[in-house]
Amino acid sequence: MSYIIVFTVPFMILGVVIYSLTFDIVKTQTEKTYLNAVQDAAKNVDAKMEALHVLSAHIAELQWVQKLMYMRGSTVDYHAVNPFSFNYYMNDLTMFKGINGFVSDIAIYFREKDLVLSSQGKHTLSSFFEDAFYYDGLTTDYWNGLLAERSFAAMKYPEDVLTYKQPRRLLAYMQSLPMVAKDFKAAFLAFIDENTLKDSLNISTISNSGSLYIIDRNGRFVTGINPDEEMKTILTVQMAKQNSPLEGRIANLKSPNGDDHIAIRSNSTVNDWSYIATIPLSTAMAKVNRIKTLTLWITALSVLAGLMVSYILALRNYTPLANIVKDLSPRLLNLPGASKRPNEFNFLQKALHSMLDYENKTKEEIEIYKPLVRNSLFIQLLEGKPAPSSSKLLEMMEITFNNSFFTCASVILDSDHAIPNDVQNDLILRLSKRKTAVFFVDIGAKHKVIVFNSAYKEQIEPSIEEIVCAFKDAGLSCKAIGVGKACKGLDELCSSYREANAALDYRFIRGHSSVIFYEHIEDAFTLPAYYYRTEKEDHLVNFIRFGNDEEAVKLFREIVDNHIANAALPPAVARNLFYNMAACALKALEDLNIDIHQAFHMDEFLHLETYNEMSNYIEELFRHVCEIIVRKKESKNTVLRDELLNYIHEHLTDRNLTLTSLSDQFGSSLSYLSRFIKNQTGTNFVDYLNKRRIELSKTLLVRDITIREVSQQVGFDNDLTFRRLFKKYEGINPGEFKSMTGGGKK
């Protein structure tokens, strides 16, 4: 340690001195660089604002602008101004807009004439702010009051605006015209796209590493580059604390996520805006951090050099004892409880005692973990890994075999419980009396494997029956058991295991509590795929779409019976058939825009394990979907009927009310609407309309008006048609009805 101190302390002192001297220089230079960038952005925007002011003054001096401003009267005198001249005026404004390049559009509002002339057209103030530049929530009265006040370079900060139905975000610049007169006659309007303003602020020094904000003297945010909402609030509070508008670094800020930032400020020479840049301290101080890193590397290298030299110098005194420690077994040095004291002799004595204690403890732990190791060994054999080359490991795990033939049985239980040890031990003892060695392997969760040390089916079948009974007595129930073919040698055990799992898949066909031998299904004829005509699937979807659950279930059973009951499909193919049948119901729901989740639960469906469970589920699904579709159709017809009849009653006297106008109003075809009215009212549209009009006319005939006036008021084109239809529906003509009710003139 003394050698290390001698080598490292001078380097550490030198690093601290270099870092302290360099930090202030780099920090000052960095702040100056960012201040220049902010000032450049401010000058760029100020220059364009100044150019906008010059543009407004130039436009105010135009002859036609002067002519319109000082023209007498509240309207434009078209004897003095040719209407076609407005096209030339708009071309002038378009030219000025193009020359300026900063504004998106310019306009002049002549107050006394209620005329707004822009590069896009001629408007009134109302139509200009409703059709051309629509501000949501701002009325024409608001703009009228705002433009009625004298203003010098007033601004409305960026807001969302619909410019000819296109959404944009614009800043509005307003200037009273003429500028020098107290009694101003017009107002110059310029609209600046916020993105154009941002492009003027886009200084790579700032935009690539930080954010730039424009804030007015009242603390309102105008726009910015890479703005952060929470940082806006922090800057507003910080500016309120600043008593003087000095430029430069104003503060060190901490963002809500804990990052440190520096804030650099520059003030506008044209308006009351302040330009504030915020840069992460880690970015701004990158050069300082490099110096810090260099200092740390120098210190680390000095420590490393000190260690090397110290080791070389100390090795001469430690070499004899090091040789003794080197000759010891490395295993001895890592034993738990070995001494860590620098006295090597003491260390060696205690390490020997620790080794003896560790050996005894290891033997005890082996007995505890023996069942787990035995289970892991069988799992490796089932996965196809080679059997242990040494028999000592099998002997240590107490694994003995009667012969070299093995058979695997794969078991799926109803619950996640492990097989109790006492049940396993009892079965091992009972089956050993039949000269059948058996080993239980816990694969995980509900999956268990039983390895029989036997190749004879006559021994395995009764053994499985006895195991199932023992499981039932212990409260365990088997969903299914798959049994593979016999194999020779532990290295082939994995093939019997694969066959057992393949047989286990057939529980989908055989059902719960079945025992399936691979040799029984190996030679069974299986179809590689299912096939039926697409018309059947279309019929099934149509039955469901029209709510006919009986026909849908009947056709589903026919398809399933043809492929599963009458043919031998593999389990995976059979499942796909059921998935396809369920998809028919979902397709019908999707076609009718009905939420699928209210009828179908994917997790529940995918966990079904047998043919009967899945068949029953799909039949219930069809019935449930048909019920939903029927209810929706009934509800939709009721709503359409009420809306349709209400519309006819409200427009009863409209002569233009026809079946075609109803079709356009409700978005339905003529044929469908005609059938729907017939079904709901019992008569066609024309008869229904004429009857309602005749009923209405009876209330008017009792008044002191002519029959022709009545026919016109209830919607008929002429009184002849009215008289004919009145006679048809009432049995008498309108004059007779008028006489009977005492109406009309004597």
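All of the numbers you see were taken from the coordinates with simple rules; none came from a lab. What you are looking at is a predicted structure, and each value in this text was computed from that prediction instead of being measured. For neighbour counting, all protein chains shown are included, and Cβ atoms are generated from backbone atoms with ideal geometry for every residue, glycine included.
For the chain, the relative contact order is 7 percent, taking Cα pairs closer than 8 Å that sit 6 or more residues apart in sequence and dividing their mean separation by the residue count.
How long is the gain from Asp160 to Tyr88 if the chain were fully straight, where each residue apart is worth 0.36 nm and the alpha carbon distance is subtracted?
That pair, Asp160 and Tyr88, stretches by 22.9 nm at full extension.
For segment 35-79, trypsin sites (Lys or Arg not before Pro) meeting the loop criterion (DSSP other than H, G, I, E, B) and having at most 16 other Cβ atoms within 10 Å: Arg72.
For Phe401 and Ala583, a Förster radius of 45 Å and the Cβ-Cβ distance give a FRET efficiency of 0.35, rounded to the nearest 0.05. Each label was represented as a point 7 Å from its Cα along the Cα-to-Cβ direction; for Asp136 and Leu640 these points are 3.4 nm apart. Per-residue Karplus couplings for segment 103-119, computed as 6.51 cos²θ - 1.76 cosθ + 1.60 with θ equal to phi - 60°, are listed in order as 9, 8, 7, 10, 8, 10, 9, 8, 4, 5, 9, 6, 10, 10, 10, 10, 5 Hz, Gly and Pro entered as x. Under the classification rounded if a/c is under 1.5, otherwise prolate if a/b is larger than b/c and oblate if not, where does segment 102-152 fall, given a ≥ b ≥ c as square roots of the Cα gyration tensor eigenvalues? Rounded, since a/c falls under 1.5. Remark on Leu253: its backbone amide H falls under 5 Å from those of His261, Ile262, Ala263, a criterion applied only to residues 5 or more positions apart or on other chains, H modelled at 1.01 Å from N. Lysines near Lys587 by alpha-carbon distance under 28 Å, same-chain residues fewer than 8 away left out - which ones? Leaving aside lysines fewer than 8 places away in the same chain, those within reach of Lys587 are Lys536, Lys554, Lys632, Lys633, Lys636. Couplings 3J(HN,Hα) of segment 49-61, computed from phi: 5, 5, 5, 5, 5, 5, 4, 5, 5, 5, 5, 4, 8 Hz, in residue order, whole Hz [Karplus 6.51 cos²θ - 1.76 cosθ + 1.60, θ = phi - 60°; x for Gly and Pro].
Taking label points 7 Å from Cα along the Cα-to-Cβ direction, Val373 and Leu14 give a separation of 5.8 nm. Highest mean packing first, where packing is the average number of other Cβ atoms within 10 Å per residue, the peptides 74-81, 420-427 line up as 420-427, 74-81. Please sort by residue number the GluC sites (Glu not before Pro) in segment 351-407 whose DSSP state is loop and whose Cβ has at most 10 other Cβ atoms within 10 Å. Filter output for segment 351-407: Glu383, Glu398. With R₀ set to 60 Å, the beta-carbon distance separating Arg655 from Asn257 gives a calculated FRET efficiency near 0.30. According to a simple spin-label model (label point 7 Å from Cα along Cα-to-Cβ), what is the distance in nm between Lys488 and Arg692? That separation, rounded to one decimal, is 9.3 nm. Here the extension length gained between Arg169 and Val630 equals 161.1 nm, from 0.36 nm per residue of separation less the Cα-Cα distance. Here r is the Cβ-Cβ distance between Val303 and Leu21 and R0 is 25 Å; the resulting FRET efficiency, rounded to 0.05, is 0.65.
What's the extension gain from Glu558 to Asn612 if we count 0.36 nm per residue and subtract their Cα-Cα distance?
Details: separation 54, 0.36 × 54 = 19.44 nm, distance 1.47 nm.
Working it through step by step, the gained length comes to 18.0 nm.
Taken one residue at a time, the phi angles of segment 274-286 give Karplus couplings (6.51, -1.76, 1.60, θ = phi - 60°) of 10, 9, 10, 9, 10, 10, x, 4, 5, 6, 5, 9, 4 Hz. Gly and Pro are set to x.
Hey, which lysines would be in cross-link range of Lys488, C-alpha to C-alpha under 23 Å, not counting anything within fewer than 8 residues on its own chain? Filter leaves Lys385, Lys392, Lys433, Lys435, Lys448, Lys457.
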